[in-house]
Amino acid sequence: MRSGDIAGAGRYRTAMPELPEVETTVRGLARFLDGETLARVTTRRGDLRRPFPPDLVQVLTGARVTGMGRRAKYGLIHVDRGQTMVFHLGMSGRWRIDPEELEKHDHLVLETGSGHRLALCDPRRFGSVDLVATAALEQWPPFAALGPEPLSDALTPGHLAASFKDRVAAIKLLLLDQRIVAGLGNIYVCEALYRARIDPRKAAGKASRPALGRLVPAIKTVLEEAIAAGGSTLRDYAQPDGQLGYFSKTFDVYDREGEPCRSCSGTVRRIVQGGRSTWFCPSCQK
Ligand SMILES: [Zn+2]
């Protein structure tokens, strides 16, 4: 898949990157970065959402990448100087692999010792790049208050029950609260509530234990399926001008207002909660 195909495919969704996109991006980048030396690091403007760290180029140039990871919707590039470069793709960020030519939205460029060039392209500049001491990552303010990773064993029905206890806010809104579960966004919350057959408007504290018992595996499954869909496209990134961060997926309810439910004879409905759209099937989700 070339870059033009990614942007132009018919029913392709151009929603902002969520956890599966970030996970896919990190796995894709790791093929080019993990274990590599960063021979050259260039910033081509001073900021994204906020300024680049003033010592970014100095710290990364000549450093070796010792590992990569993800926390919530942040990508992590650990280097052998005790520092981690933390990136967020914001609304429109993506990494371009070996672009033939840099373009004006390629704001940070990493060149590896083996000759690969990786450009962080972010036209709307809602993304961010930070340097954090690797040993202190968990205390970094954006990470300190985060709830458990949805794909970790820490996300259990018991954790949700404790977090939702006596809460009258809609369950959909609390699932978007990063202090309760880290990294869940609008798309996968809608999809998980549909899989678990839970009405997104239900007061969180009123969700039954069996419902939460369905919700936890539903969250994990929708994310794992999306990561698998992204992983199946990873080979395409080896092409010149390949991009990381976006891939096409099909959804059961997300962005399907007025279309038939895939499980019953009902129709997918859209409502607005907390200023954002929720898609669900009123017949299936109680
Ligand atoms: Zn239905």
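Name the residues in segment 194-212 that are among the hydroxyl-bearing types (Ser, Thr, Tyr), within 24 Å of the chain's Cα centre (by Cα) and open to solvent by 20 Å² or more (accessible area, probe 1.4 Å), would you?
Within segment 194-212, no residue meets the criteria.
So that you can scan it fast, the table gives a plain yes or no per residue for (1) surrounded by 18 or more Cβ atoms within 10 Å (Cβ to Cβ); (2) at pLDDT 95 or above:
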| residue | (1), (2) |
| --- | --- |
| VAL57 | no, yes |
| GLY67 | no, yes |
| ARG71 | yes, yes |
| GLY75 | yes, yes |
| ARG81 | no, yes |
| THR84 | yes, yes |
| GLU103 | no, no |
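In segment 126-145, is there at least one residue being open to solvent by less than 60 Å² (accessible area, probe 1.4 Å), within 17 Å of GLU18 (Cα to Cα) and acidic (Asp, Glu)?
No, the conditions are met nowhere in segment 126-145.
Of all residues in segment 176-188, which are within 20 Å of SER277 (Cβ to Cβ) and touching a residue at least 40 places away in the same chain (Cβ under 8 Å)? Lay out the reasoning, then the answer.
Our first condition is that a residue be within 20 Å of SER277 (Cβ to Cβ); within segment 176-188, this holds for 176-178, 181, 183-188.
Listed by number, the residues that qualify are LEU176, GLN178, GLY183, LEU184, GLY185, ASN186, ILE187, TYR188.
Only one of SER277, SER263 is near the ligand (Cβ under 9 Å from one of its atoms), surrounded by fewer than 20 Cβ atoms within 10 Å (Cβ to Cβ), at pLDDT 95 or above and of a type in the set (Ser, Thr, Tyr). Can you tell me which?
On the way: SER277 fails: near the ligand (Cβ under 9 Å from one of its atoms).
None of the other options fit; the residue is SER263.
The values are calculated or read from the model by the stated rules, or taken from the named source; none is laboratory data. Keep in mind it's a predicted model, so treat the numbers as computed, not measured. Every residue, glycine among them, receives a Cβ derived from its backbone with ideal geometry; neighbour counts consider all protein chains shown. Heads up: the accessible areas ignore ligands, DNA and RNA and are worked out on the full protein's heavy atoms, side chains in. Shrake-Rupley method; radii C 1.70, N 1.55, O 1.52, S 1.80 Å.
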